[in-house]
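FYI, it's all coordinate maths here, none of it is from the lab. Please read all numbers here as calculations on a predicted model, not as lab measurements. Don't worry about glycine lacking a Cβ; one is built from the backbone with ideal geometry, like all the others, and counts go over all protein chains shown.
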């Protein structure tokens, strides 16, 4: 951190506190926090915003969404009281006047108290599931209720739906037990099942309101501060001291649990990343964009985590190594699945570059899987993915491969320098990526090592979850015409860099009493391709686009709110490989894809998933609801094996690796599973077809 900047911050703090004439130390700290955060955003954020009416309106909308996304606390009457401040928040922030915030918290606390009686009243007696009524489940499509009476009826419908879902599951479980002659399941009358379902929902709400009533002023302030910082971009955020500590634990690699990165979005817990080598990565059923609805410990009754704060949901998912957590998830296609995962540590071996040999149409092709761009920043002799991929390429050269596929699917990025080094294995010197800073101008990272490790036919496999460093590599290979990029409609689209700033460093001398203040994560830089276009927002569009499950569903950066937009700057000088034959090979692949029955089925499945995702209105009639769920699950079942059909592709370990694991039976079994899964991979099969065309 720049010492001048710290000194400036200390002086700034001094001037802030002179103006305080408050007895309440907590209120002083809150105002100080707001000043520090706003100054950081103004001075250090890549794309600062003016404090004006536009920002005020965005903060207003973001805050209401965070406080009551599901629209079951505030009424339209409440919103009307708050709306008069909609364009005044910028002025209030400037003068440390937070009338809007104070009123919003006051109204929220009142509604919290009022609505607590609703669930107890409605869950005390049976629901009538023969009535023909519907519920709009997507809060985005719901308006605020006009008044308290309408709000109470919304609660009735929401509670009825939750009991309905649980009751439907219980009935299905009993019917299956009867059909299978499973005597371990006790068969119960409908009335008792309905009562048990209500009791379970009641218990969930008892726990939920306990959590809500435990919210402190610090929690409320954090919500408001993050409503402000998140309108700058979705990756900028304020971390109070506890959250920052949790983040540091995650970064240190001391992972205990399942190994998924989760995000609280619109009242739901969403899977945004699967950590390579983690328990859920090895188990294989949990996927990015799954919504975790319930968390169960072993055989215990699962806990509903809808509207649960992320840190509390994570505490339920974490646990001792070797114990089982059962996640009830809602898939993108609308189906529900219970996924059991054994908690464990991340196996580092599974995060490293790994290679195999593909035999296809009498051609020998090298395959390298890179789960992430790893680097040991503390030890220069430690594992570096750029160096490791170079070693794998040399091993493949020794095996006499005629082409290479680098698989970056699901690779969320990592070490920037290793991207540059890795691109250098395939090009003979030259620029790799441009980086733009807010005020210090652009700089270019280059491969400055003459020569290449591998110069033959080359394909890079990506998907919509290939992000950051993966996008830089794919973009550079594409810009140089060094190889062909194959994958989803586009990559993730994260072309920005974030950095943490500890707010405590500004609190010196007498102001140290206000520590701990937490930290702010700011977007400070932006990536650009060597052709001048950014990878931000739009990602990298492959040369050959293959249909996948997410073809018609927005994923990645474009799904986020308040994203930094796509743009372009001047290109840098670089020399293309000028391989004119690539266009013919790309056209040939596209024709092959059109005739491929599996890709046709995948496209049908993608359309089905989109249709089911858009279906957000549900019947509260038990018979109708069960018929709908049955049709969704039957349709999902039809498509579950389309990715597992055998291909005309064979894989084997490199001779060197096969000898290395000759005496390790466990490792041999792991490798056999890995190779078997790859042999059923339709995307890898088409990538191999493309390499064969390049060879020929």
Given a Förster distance of 45 Å, the FRET efficiency implied by the Cβ-Cβ spacing of residue 92 and residue 552, rounded to the nearest 0.05, works out to 0.60
I'd like the FRET efficiency for residue 673 and residue 499, computed as 1/(1 + (r/R0)^6) with the beta carbon distance as r and R0 of 51 Å, rounded to 0.05. 0.85
In whole angstrom, note down how far apart the Cα centers of segment 100-161 and segment 181-198 are. 28
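Quote to one decimal, in nm, the extra length available between residue 138 and residue 54 on full extension: 0.36 nm per residue of separation minus the C-alpha distance between them. It would help to have the intermediate numbers written out before the result.
On the way: separation 84, 0.36 × 84 = 30.24 nm, distance 2.64 nm.
Result: 27.6 nm gained on full extension.
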For segment 657-696 and segment 347-420, write down the distance between their C-alpha centroids in whole Å. 13
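Between residue 562 and residue 377, 0.36 nm times their residue separation minus their Cα-Cα distance comes to what?
Numbers: separation 185, 0.36 × 185 = 66.60 nm, distance 3.21 nm.
Extra length from residue 562 to residue 377 when fully extended: 63.4 nm.
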Zone of residue 173 (label point 7 Å along Cα→Cβ, backbone N under 11 Å): which residues in segment 291-330? 299-302
Could you check the simple spin-label distance between residue 131 and residue 387, using points 7 Å along Cα→Cβ, in nm with one decimal? 6.9
When a footprinting reagent is the concern and you count Cβ atoms within 10 Å, what order do 504, 614 take, fewest first? 614, 504
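Calculate how large, on average over all directions, the projected area of the Cα convex hull of segment 119-161 is; give the answer in nm² to one decimal. Let's see the in-between values first.
Details: hull surface 13.7 nm².
Across all orientations, segment 119-161 yields a mean hull projection of 3.4 nm².
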How many percent of DSSP beta bridges within the chain run antiparallel, rounded to 5? 80
Please state the relative contact order of segment 254-342 as a whole percent: Cα pairs under 8 Å, 6+ residues apart? 29
Computed label-point distance, nm, for sites residue 660 and residue 153 using a 7 Å Cα→Cβ extension: 6.8
Taking the chain and counting helices only, DSSP H stretches of n ≥ 4 at -39,500 (n - 2.57) each over all residues, the nearest-500 ellipticity at 222 nm comes to -14000 deg cm²/dmol
Using only alpha carbon pairs under 8 Å that are at least six residues apart, calculate the relative contact order of the chain and give it in whole percent. 13
Label point distance in nm, residue 623-residue 196, each placed 7 Å from Cα along Cα→Cβ: 2.4
Expressed as a percent, the portion of alpha-carbon pairs in segment 254-342 spaced more than 14 Å apart is 60
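Would you list 604, 591 from fewest to most Cβ contacts within 10 Å? Numbers along the way, then the final one.
Values: 604 14, 591 9.
If I rank by nearby Cβ atoms, fewest first, I get 591, 604.
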Please order 659, 135, 461 by the number of other Cβ within 10 Å, starting at the fewest. 659, 135, 461
If you find the alpha carbon centre of segment 199-226 and of segment 591-651, how far apart are they in angstrom? 37
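For the pair residue 80 and residue 112, what calculated FRET efficiency results from E = 1/(1 + (r/R0)^6), where r is the Cβ-Cβ distance and R0 = 25 Å, to the nearest 0.05? Write down the numbers at each step before the final one.
Values: r = 19 Å, r/R0 = 0.77.
Once the sixth-power term is evaluated, E becomes 0.85.
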